[in-house]
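Data first, discussion second: the structure below is written as structure tokens.
The values are calculated or read from the model by the stated rules, or taken from the named source; none is laboratory data. Fair warning: this is a prediction, and the values are worked out from it, not measured in the lab. As a convention, Cβ positions derive from the backbone with ideal geometry for all residues, glycine included, and neighbour counts pool all protein chains shown. With ligands, DNA and RNA removed, areas are computed over all heavy atoms of the protein, side chains included. Shrake-Rupley method; radii C 1.70, N 1.55, O 1.52, S 1.80 Å.
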Amino acid sequence: MLSKSIHKITSLVLLINFLSMQGQELTVPQLSQYLSDNPFLMSPAYAGIGNYVKVRMTGLTQWVGIKDAPDTQSLSGDVRLGNKSGLGLVLYNDSNGETKQRGAKVSFAHHLIIDKHDEFLSLGFSFNFNQFRIDIENFDPNNDLAIIDDRSSTNLNFDVGTLYRKENFYLSLNVSNILNKDYKKFNPLFEPNTLRNYYLYTGYKYKKHRTDDFEIEPSLFIQYFENDNRSVTDFNTKFKWYDIEDYYYAGITYRFLNDQLGKPLYVAPIIGLKKSDFYFGYSYQIILNQILGYSEGTHVLTLGVDLFQGISNCTCTY
């Protein structure tokens with residue numbers, strides 16, 4: 001009986017450590033935030049797509065009920081520069097137990113017009129600043145004499161991305177953390193220094209007629225981690241109702257490890273709306289793995305505002 005309990009606890013700890021690796025790879029954790037009208041968090045190629053200043057604030061609280069679970073806040077904004085370029089900024093704060101990271105991304109995108117009515121290619125680039133720290137304030141120095149100060153490192157890195165759009169179809173490819181990580185202040189036996197992430201995001205917005213006020217948007221998101229060959233996939237479906245320029249949506253996302261297709265990490269219903277210049281989005285991730293008995297789920301909340309409407313009249317902003 002005791003051995004079974006120990007085995008169960010050990011399995012849980014290993015699973016939590018495995019999943020939490022996604023939360024701190026010197027970048028913003030990618031869960032379902034991109035579905036809350038903010039794909040710019042995922043790829044710099046989206047900077048300046050809209051003909052306004054887009055500001056989004058997101059709070060992500062993972063695994064409610066588990067002590068010291070990952071918690072992330074981000075503030076992003078992007079703006080059109082002229083008719084063919086965009087500039088964006090992301091600030092984020094992420095904690096996972098006693099490890100903390102804060103960072104910023106400054107992005108530039110250029111938007112090429114293949115067909116002025118319905119075909120566009122965007123290229124994006126980000127400069128990333130990240131400060132990673134192991135906080136020892138809650139450690140017990142009597143049990144570990146090696147604890148003498150906080151361990152921290154500052155890393156500079158880059159992302160590149162591209163976005164192709166044709167009518168209602170879109171395809172985005174992104175590489176995050178191109179350079180290797182500086183781990184000199186940590187244990188090189190356990191700290192990976194290759195943190196490149198590869199993202200693929202694609203989808204299609206379907207309307208029966210161009211003038212319909214109802215739209216279905218299936219999409220697919222794949223993330224691959226080069227260091228240990230992990231990869232995850234999201235299957236998403238959004239249903240959107242338009243009211244002139246306002247809209248409301250509901251949908252669902254299904255995430256799984258690519259070597260465990262029939263064992264989802266979570267299923268997440270999503271809802272949101274845009275009313276005038278204000279945006280609200282919410283997602284509740286229902287955990288379906290071994291953490292289920294310990295956690296009440298994950299909450300993702302996004303609030304936003306669109307400012308200075310009509311700063312560009314280029315068709316590629318739509």
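Tabulated data for the structure shown
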| item | result |
| --- | --- |
| Residue, farthest from the chain's Cα centre (by Cα), within the range 51-75, restricted to residues that are at pLDDT below 85 and among the aliphatic types (A, V, I, L, M) | Ile66 |
| Residue identified as part of a strand (DSSP E or B), of a type in the set (S, T, N, Q) and open to solvent by less than 40 Å² (accessible area, probe 1.4 Å) among Asn128, Asn51 | Asn128 |
| Answer residue from the range 288-313, given it is open to solvent by less than 10 Å² (accessible area, probe 1.4 Å) and of a type outside the set (Gly, Ala, Ser) and is modelled with the highest pLDDT among those | Thr302 |
| Breaking point among (1) small (Gly, Ala, Ser); (2) modelled with pLDDT of 70 or more; (3) farther than 22 Å from Lys84 by Cα, for Ser126 | (3) |
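Listed here are the residues, each with its yes/no results for (1) polar (S, T, N, Q); (2) touching a helix residue (DSSP H, G or I) at 6+ places or on another chain (Cβ under 7 Å); (3) free of Cβ contacts under 8 Å to residues at least 12 places away in the same chain.
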{"residue": "Ile49", "(1), (2), (3)": "no, yes, no"}
{"residue": "Tyr52", "(1), (2), (3)": "no, no, no"}
{"residue": "Gly59", "(1), (2), (3)": "no, no, no"}
{"residue": "Ala69", "(1), (2), (3)": "no, no, no"}
{"residue": "Leu89", "(1), (2), (3)": "no, no, no"}
{"residue": "Ser95", "(1), (2), (3)": "yes, no, no"}
{"residue": "Lys100", "(1), (2), (3)": "no, no, no"}
